[in-house]
1. Under the rule of -39500 (n - 2.57) per DSSP H run of 4 or more residues, summed and divided by the residues of the chain, what mean residue ellipticity at 222 nm is obtained, to the nearest 500 deg cm²/dmol?
2. Using Cα pairs under 8 angstrom and six or more residues apart, how large is the relative contact order of region 570-656, in percent?
3. Sequence gap at least 6, Cα distance under 8 Å: using those rules, report the relative contact order of the chain to the nearest whole percent.
4. Please state, to two decimals, what the Cα-based radius of gyration of region 86-227 comes to when divided by 2.2 N^0.38 Å (N = residues).
5. Return Thr75, Thr209, Thr545 ranked ascending by Cβ neighbour count within 10 Å, so the fewest neighbours appear first.
6. I want to check the label-to-label distance for Glu624 and Arg509. Put each point 7 Å from Cα in the C-beta direction and report it in nm to one decimal.
7. Starting from 0.36 nm per residue, how many nanometres of slack lie between Ala385 and Asn534 once their C-alpha separation is accounted for?
8. Set the Förster radius R0 to 30 Å, insert the Cβ-Cβ distance between Ser653 and Asp454 as r into 1/(1 + (r/R0)^6), and round the FRET efficiency to 0.05.
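FYI, it's all coordinate maths here, none of it is from the lab. All values reported here derive from a predicted model rather than from experimental measurement. Cβ atoms come from the backbone with ideal geometry, glycine included; neighbour counts cover every protein chain shown.
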Amino acid sequence: MSGPDLGVCYYPEQWDEAVWADDAARMRALGLTWVRIAEFAWARIEPAPGRFDWGWLDRAVATLGGAGLKVILCTPTAAPPKWLVDLHPEILPVGPDGTVRKFGARRHYCFSSPRYREEAARITRAIAERYGRHPHVHAWQTDNEYGDHDTIHSYSPAAEAGFRSWLRARYGTIDALNRAWGTSFWSMSYGDFDQIDLPNNLVEEPSPTHRVDFLRYSSDQVRDFNRAQVRIIRALSPGRPVTHNFMNQNTDFDHFDLAEDLDVASWDVYPLGGLVHGRLPRADKMRYLRAGDPDQTSFNHDLYRAVGRGRVWVMEQQPGPVNWAVTNPAPLDGMVRFWTWLAFAHGCEMISYFRWRQAPFAQEQFHAALLHPDSSPDQAFDEVAEVVAEASAMPVLPPRERARVALVLDYPSRWVAQALPQGQGYNAAHVALDWYAAARRHGVEVDIIGQHSDLSGYGLILAPDLMVADAAFVARVRAAGAKILFGPRSGSKTVDVQTPEGLAPGPLRGLIDLRVTRVESLPDDHAETVLAGNLALPAHRWRETVETAADVLATFAGGYRAGAPALIGNDRARYLAALMPPEGLARVVTDALDWAGVPWLADLGDVRITRRGGVTFGFNYGPEPASVPAPEGVRFLIGGRALPPAGVAAWVSAAG
Ligand code: GAL
């Protein structure tokens, strides 16, 4: 079969050993070829300090592998056992209020704890020694979902000590730190690195540089924690790819930075929880209740494809209702099939469902799976079978081609936006997704890139929120020949989280001549108007006053500073001086696509299309039937021109 490789998450430690063989045989019969195990199994592997019980895991690997499944083995460090916590309580994380977060769930560890680093390395080495060259072990996952349950930032004594040495290495002298943090403000100056506290439990907000340095420090701890495991696995398990399962839109650490140590990026796809907690207005959340935000999942596929330097897997695919969102609706029948083809279309090599059998006990009893707790098939089981049947019509597809449009996501800029939001409604993740959606709903492919990424081949770069732009990026944009559209706040802070010389947008003046002389945040229900020729476009939430010698392409109207520039540009760069809701953004982005010579389609409404190799895929997220924008005479491999709700189609040109 072609199409995606499929897999499943399995927990042999949660089931009677008598059912393993039957489970494994049914997985294979369904068409699955991968199985991920053991990410929470530390207490079963090492029930007491230094006493290992490998027997059950040996038998589980043998049973699954013997049935023809490729095992993805995990390091179990996301759930340290009770005896370890009792022996070394200092490994527990500390919340921002100073309270120790206790044992009894998972992710109860502090990345800064030297003791936990040692313990994590010890268990990783033990597992990699035993299974590193095992013929059934084909890949590794480190830990599980770094960042889940807000666990990147810990305010422990170990974090305080680690932060102080990190600052010493970054700044060299305390005077340099005082200058960077602006400690002459409010008498905050320090005489020594050892006087510095973590930025929690303060009377008012800390210096934004203090906060951002702590976020940078914490990101580095996650990278180093992961790197230590990867090094051990590489030494003991040659030739097996190492991955980590990232999350939807977590920006608490720099994923590009961490993934330099991985072979493949993977991520966990739970679109309905993502919708409920996401950016869309209430009416759209109701419209897409059982299908998810039409752009959020694709955004993450495109992001993690970049994070994995072209290689991406789905490690956990939502199979039905979950248990952890504010409300947990069921997906439309057909959505599991839909999400599988969506992932494949966006370049995912492997899609693994979470989980094989629904748990009748513990925290996730309401979380659906491929099987009910009594082992009878649930809806997702049948939809996986449908994907497997459809895959026989799918030719072998190459990896995704480079898109013509790229969108810049810069993790350090996100941290600066978090430290200096200048208005409660400012959410950089939502802004980036709105920009991505503006192009995607017109059928345009968008790659996600970092500031450091290769820019060759792009016609248009979208930079919605690049607050800290580095000079090297500016030089590379100049050399690359792409056009670039910046959003408000771009280039507005230095690496020290200060206002750049000559005002914002700092180094971006190398691309476009302008000065931002005032910024304001606005209440959600206040609307601004931007005039572009005869066209009135809405703007909201954020507005800037800009002085420029470049061409003014649109101006603000209304009672405040009417006629001030809202969109300016030259032949290479444009700058939009306000945030815009989708109606306004669609116009600004499609104009920029025309300017860059990138073709686009009329608004696709609830439908999204995307292309891999010679195959174009269409997806209907809406509650009504729709049709795909396929030219006459194409040949359909999956579905047809008419797309029901939750419908999928895939087509090739008649000759293809
Ligand atoms: C993920 C996690 C899994 C499981 C799942 C439930 O965040 O990695 O272990 O808890 O959520 O949806």
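1. On the way: 18 runs with 203 residues, N = 656.
Estimated from H runs of four or more residues: -9500 deg cm²/dmol.
2. Over region 570-656, the number comes to 21 percent.
3. 10 percent
4. Region 86-227 yields a ratio of 1.23.
5. Least crowded to most crowded, the residues run Thr545, Thr209, Thr75.
6. About 5.2 nm separates the two model spin labels.
7. 48.3 nm
8. E between Ser653 and Asp454, to the nearest 0.05, is 0.50.
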